Amino acid sequence: MPHRFLNAFRLPLACAALAALSFQAYAAKPTAGAWTAVGSTLNYQAIALAADDTVNPLRGYYRWRNQESIPQAEPALDAYQRYFWRDLEPSEGTYDFSAIQAAITTARNEGRRFAFRLRMMAGYDDNQVYAPAYLVNHPSCSAGCGFWADDSASVSGLTYVPDWNDAFVMQRARALLTALAGALGSAADLAWIDVGLYGQYGEWTVHSNLYAGAPAGIVPITDANKREYAKMHFDAFPGAQHVMFALYTNRDALAYGLNQQAITSKPVGLRVDCLSRYGFFDQWTNHATDWAQFSSRWQTAPFVAEFCPFSSGDPQNNPATARQQAAQFHISTIGNGNFATSLPDAQRWSSLTAAEQSDLLMLGREAGYRYAISSVRVDLTTAGALSVTPTVRNHGNAPAYEAWSLRAELVTSGGSVAWSGVIPLNLKASIGAGSSQSLKQTWTLPGSLASGTYTLRLIARDPLAATNPYARRPLRFSNIERAADGGVSVVALRKR
């Protein structure tokens, strides 16, 4: 080929090569609006159990009847109280729920949720009627609505025993719960309802000897009517979290409430009032077949407890036993009070030995869930495709029972949330003992995000947060790296 033709041919090639180099240089130059690419895995550390004083809802200690006797890093996030029927219905059909409403308002203002139980009987031989006065000898009752009995000859006074089988008593009890539900409205921010009304203190048991001299027509409550007292709670508050007394003598009502009814939207949990007493749970361990109906309920609904009142040095009723029982039966939350009851609240804690105090502190750390972020994989492209893969581990003895929305959030330097995406992990599915979950979630970050540096964090929020001013604060992860808001910061992401 002639030389001049070679030169003519090479010139366009040279120009094309030069153009390509110029394009490559332009393409390599960062463009406005592009993200700095990220591809990394970060590992995190859980707080050691002996040092983990993390306070979260429905785990550890709850505020028990205005007491928080065991010192905690911060106040409990659930508060509990009990009420007598007579105080709520001073005359037939006239209700006064102001005490419950005020307690709920106080709990909300303190960042807590409220739990309660209703009662129509208290102690023995105290000459008191705790049902409404109008019920006594009401003509609508078949046998006077109740009777007076002597529980103990060595104690002065008599006990008023309601006729829990009477149709009129049951009708009025149902009306009470219906009216209360109407007064309270949505039960979405109640911690739990302690199914009560029947038994001493509403605790589903009463001394059988009281019926020795009962009037004709009055007998101990039937299993069918025990079910009805549970059902009237469920009917009035179908959306609430309920718990029922886990007594062997009430196994029929428990079977109904936990395994047979389809009224409540949430699984019904368990309740005991004698944590810490040696042998209390023998009623179940000695009847393993019966207990098998309820033994796994803790995996889906809370097991709530309070102490049998104990004093320092009691070998049969003590914190060490409570700790062992809570671990064995997966009890998730315990009343912070009801011990050393002869002393003022300010002296109860100091009256215990160092070993007893240590057991109670450890009980609060061990009871319930302890979620921690184990690792997070983050991938981000320059075009804003973000993938986050967290691994969340539950180091506790039970799961969370409320819904938590795990979210990846971009936070500005000023602390505001610029973007948020849901990671659909179900924390309730991790039941403890180190069980973990991991899930990759991918989003395209909105182009409207301003240029700048953002902190990517993981945080678990109450799904009600967008609509309810009294929603739970964010769950606190049990991580050394946890921030003040309860979440864990992952990595800085930069947009040009």
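FYI, it's all coordinate maths here, none of it is from the lab. Just so you know, these numbers come straight off a predicted model, no measurement behind them. Because the Cβ atoms are built from the backbone with ideal geometry, glycine has one as well, and the counts that use them run over all protein chains shown.
With the alpha-carbon atoms as the only input, what is the per residue convex hull volume for the stretch 297-365 in Å³?
On the way: hull volume 5.8 nm³, N = 69.
Taking only Cα atoms, the stretch 297-365 has a hull volume of 84 Å³ per residue.
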- Please list 112-118, 100-106 highest first by mean number of surrounding beta-carbon atoms within 10 Å per residue. 112-118, 100-106
- Please give, to one decimal in nm, the separation of the simple spin-label points placed at residue 87 and residue 282, each 7 Å out from Cα toward the Cβ. 3.6 nm
- Message: Run the simple label-point estimate for residue 293 and residue 223 please: 7 Å along Cα→C-beta, distance reported in nm.
- Response: 0.7 nm
- Message: Give me the dipole magnitude in Debye, nearest 20, for the chain about the Cα centre, with unit charges on the beta carbon: positive for Lys and Arg, negative for Asp and Glu.
- Response: 3180 debye
- Task: Can you tell me which of 331-344, 350-363, 223-236 comes out highest on packing, and rank the rest after it, using the mean Cβ neighbours within 10 Å?
- Result: 331-344, 223-236, 350-363
- Query: Which residues' amide hydrogens lie under 5 Å from the amide hydrogen of residue 419, considering only partners 5 or more residues apart or on another chain, with H built in the peptide plane?
  - Reply: 410
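Where does the stretch 167-316 land on Rg(C-alpha)/(2.2 N^0.38 Å)?
Numbers: Rg = 16.4 Å, N = 150, 2.2 N^0.38 = 14.8 Å.
Working it through for the stretch 167-316, the quotient is 1.11.
Taking 8 Å as the Cα distance limit and 6 or more residues as the minimum spacing, I'd like the relative contact order of the stretch 56-193 as a percentage. Let's see the in-between values first.
Working: 206 pairs, mean separation 29.7, N = 138.
Dividing the mean separation by the residue count of the stretch 56-193 yields 21 percent.
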- Task: Please work out the Cα center distance from the stretch 95-116 to the stretch 385-462, rounded to the nearest Å.
- Result: 32 Å
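Could you calculate the contour length gain from residue 412 to residue 248, that is, 0.36 nm times the residue separation minus the distance between their Cα atoms, to one decimal place in nm? Don't skip to the end; give the middle numbers.
Numbers: separation 164, 0.36 × 164 = 59.04 nm, distance 5.57 nm.
That pair, residue 412 and residue 248, stretches by 53.5 nm at full extension.
Quick one: length gained pulling residue 95 to residue 324 fully straight, 0.36 nm per residue minus the C-alpha distance? Walk me through the numbers before you get to the answer.
Values: separation 229, 0.36 × 229 = 82.44 nm, distance 4.29 nm.
So the chain would gain 78.2 nm between residue 95 and residue 324.
Pop the C-beta distance of residue 496 and residue 45 into the FRET formula with R0 = 30 Å and round what comes out to the nearest 0.05. All intermediate terms of the calculation are to be shown ahead of the outcome.
Details: r = 33 Å, r/R0 = 1.10.
Approximately 0.35, to the nearest 0.05.
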- Message: Using only the Cα atoms of the stretch 418-465, what semi-axes does the equivalent ellipsoid have when each is the square root of 5 times a gyration tensor eigenvalue? Give whole Å, largest first.
- Response: 28, 12, 10
- Message: Cβ neighbours within 10 Å, averaged per peptide: list 417-429, 452-464 in order, most packed at the top.
- Response: 452-464, 417-429
- Note on the structure: Helix 167-184: inclination vs the chain longest Cα principal axis, degrees, rounded to 10, gives 30 degrees
- If r is the Cβ-Cβ distance from residue 255 to residue 34 and R0 is 56 Å, what FRET efficiency results, to the nearest 0.05? 0.35
- Relative contact order of the chain, defined on C-alpha pairs under 8 angstrom at six or more residues apart (%): 16 percent
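If you take the beta carbon distance between residue 342 and residue 137 as r and set R0 to 35 Å, what does 1/(1 + (r/R0)^6) give as a FRET efficiency, to the nearest 0.05? It would help to have the intermediate numbers written out before the result.
Numbers: r = 38 Å, r/R0 = 1.07.
The calculated FRET efficiency here is 0.40.
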- Taking every DSSP beta bridge that has both residues in the chain, what percent is antiparallel when rounded to the nearest 5? 65 percent
- Message: If I fit a long axis through the Cα atoms of helix 223-236 and take the longest principal axis of the Cα atoms of the chain, what angle between them do I get, 0 to 90°, rounded to 10?
- Response: 50 degrees
- Computed over the chain: longest principal axis from alpha-carbon atoms vs helix 3-28 long axis, angle to nearest 10 degrees, is 20 degrees
- Alpha-carbon radius of gyration plus Dmax, which is the widest Cα pair, for the chain in Å: 30.4, 133
